[in-house]
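Visitor: Take a look at the following structure, please.
The values are calculated or read from the model by the stated rules, or taken from the named source; none is laboratory data. Given the structure is predicted, the values throughout are model-derived calculations rather than measurements. Glycine also receives a Cβ, built like all others from the backbone with ideal geometry; neighbour counts cover every protein chain displayed. Just so you know, the surface numbers come from the protein's heavy atoms only, side chains and all, with ligands and any DNA or RNA stripped out. Shrake-Rupley method; radii C 1.70, N 1.55, O 1.52, S 1.80 Å.
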Amino acid sequence: MQEALTTMLRMQDRMNTRVNAQWIAQNFAWHRAIWVECAELVDHHGYKWWKHQEPDLEQVQLEVIDIWHFGMSAYFREDSKVEELAREIMALWPESPEARGVLEAAEALAAVAAGERRFSVPAFASLLQAASLDFSGLYRQYLGKNVLNFFRQDNGYKEGSYRKLWDGREDNEHLMELLAGIDTAALDAEEQLYSALTARYAATA
């Protein structure tokens, strides 16, 4: 677990640095991004008792991964070493996360983010479990979304020229299809997925 956490923290640092080289010093409001993502997750799951809704588990899980991006980012400090941060997060990870439903787990995480302006590892672990993801699933989907985020940046996301819809479907949906064919344990897993995204994006232009 510590090795996987260290890898994900390194990947997150690279992504944040790509967006803003001084990202740690900027002290961005990670807590705000977390509770907003929780709200988006609730919307994908469905909460309207006055109309028929079917939970979209795949989209719920993608929102969990987005929350994890912001949660890890919130732990970085100016003098951070990823190995130390990995140990810090691992020490907070509960052996048996509190059992909650998806909506209740999202609300608990959002409450800490909005009320205390911080990321709660135990609350996140509870949400991960509620969303039918284990730690290996978190790692797999995080790797995929991290690669997609780099791909977006390389193709004009920040400038506004990136196409998020490919043949009428969001890039997240294409990502999940392509990720299914990638062995994320392979040393070149990131390169394989990036190449697959490049080919799919070009084919749908």
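Visitor: Could you work out the percent of alpha carbon pairs in region 5-80 separated by over 20 Å, rounded to a whole number?
Guide: Result for the distance tail: 41 percent.
Visitor: Once the piece of chain linking Asp154 and Lys51 is laid out straight, how much longer is it, given 0.36 nm per residue of separation minus the C-alpha distance between them? Working shown, then result.
Guide: Numbers: separation 103, 0.36 × 103 = 37.08 nm, distance 4.04 nm.
Here the answer is 33.0 nm.
Visitor: Heavy-atom accessible area of Thr198 with all protein chains present, probe 1.4 Å, nearest 10 Å²?
Guide: Number for this one is 60 Å².
Visitor: Within 10 Å of each candidate Cβ there may be at most 16 other Cβ atoms; applying that plus a DSSP loop requirement, which GluC sites (Glu not before Pro) in region 64-113 survive?
Guide: In loop regions of region 64-113 (DSSP not H, G, I, E or B), the sparsely surrounded GluC sites (Glu not before Pro) are Glu78, Glu95, Glu98.
Visitor: Region 48-164: Rg/Rh from Cα coordinates, Kirkwood Rh? Kindly include the intermediate steps, with their values, before the conclusion.
Guide: Working: Rg = 15.9 Å, Rh = 15.9 Å.
A ratio of 1.00.
Visitor: With n ≥ 4 as the cut-off for DSSP H runs, can you work out [θ] at 222 nm for the chain, using -39500 (n - 2.57) per run divided by the number of residues, rounded to the nearest 500? Could the numbers behind the result be given before it?
Guide: On the way: 10 runs with 137 residues, N = 205.
Helix-only estimate at 222 nm: -21500 deg cm²/dmol.
Visitor: Oh, and also: Taking loop as defined by DSSP and a crowding limit of 12 other beta carbons within 10 Å, which GluC sites (Glu not before Pro) in region 151-202 fit? Mind dumping the intermediate values first?
Guide: Working: sites: Glu159, Glu170, Glu173, Glu177, Glu190, Glu191; in loops: Glu159.
Here the sparse-neighbourhood loop sites are Glu159.
Visitor: What are the principal axis extents of the Cα atoms in region 19-62, in Å, biggest first?
Guide: 46, 18, 10
Visitor: Rounded to the nearest Å, what's the spacing between the alpha carbon centres of region 31-61 and region 112-163? Just the number, please.
Guide: 15
Visitor: Another question, if that's okay. Filter the DSSP H helices in the chain by two things, a Kyte-Doolittle mean of at least 0.0 and an axial alpha-carbon span of 20 angstrom or more, and list the hits by number. List each step's numbers first, then the result.
Guide: Values: long enough: 2-19 (26 Å, -0.77); 30-45 (22 Å, -0.23); 57-75 (27 Å, 0.39); 102-116 (21 Å, 1.18); 135-154 (28 Å, -0.53); 189-203 (21 Å, -0.17).
For the chain, where a helix must reach 20 Å along its axis and average at least 0.0, the hits are 57-75, 102-116.
Visitor: Let me ask something else about it. Residues of region 82-124 with the amide nitrogen closer than 15 Å to a label point 7 Å from the Cα of Arg32, along Cα-to-Cβ, please.
Guide: Once the point is set 7 Å along Cα→Cβ of Arg32, 113-118 turn out to lie under 15 Å by backbone N, inside region 82-124.
Visitor: Keeping all protein chains in place and using 1.4 angstrom, which order do Arg117, Arg169 fall into by accessible surface area, from largest down? Walk me through the numbers on the way to the answer.
Guide: Working: Arg117 155, Arg169 75 Å².
Descending order: Arg117, Arg169.
Visitor: Let me ask something else. How high is the FRET efficiency between Glu173 and Met1 when r is their beta carbon distance and R₀ equals 30 Å, given to the nearest 0.05? Walk me through the numbers before you get to the answer.
Guide: Values: r = 29 Å, r/R0 = 0.97.
Result of the calculation: an efficiency of 0.55.
Visitor: Once you have the Kirkwood Rh of the chain from its Cα pairs, apply Stokes-Einstein at 37 °C and 0.692 mPa s and quote D in µm²/s. Could you put the intermediate results ahead of the total?
Guide: Values: Rh = 17.7 Å.
The calculation lands on 185 µm²/s.
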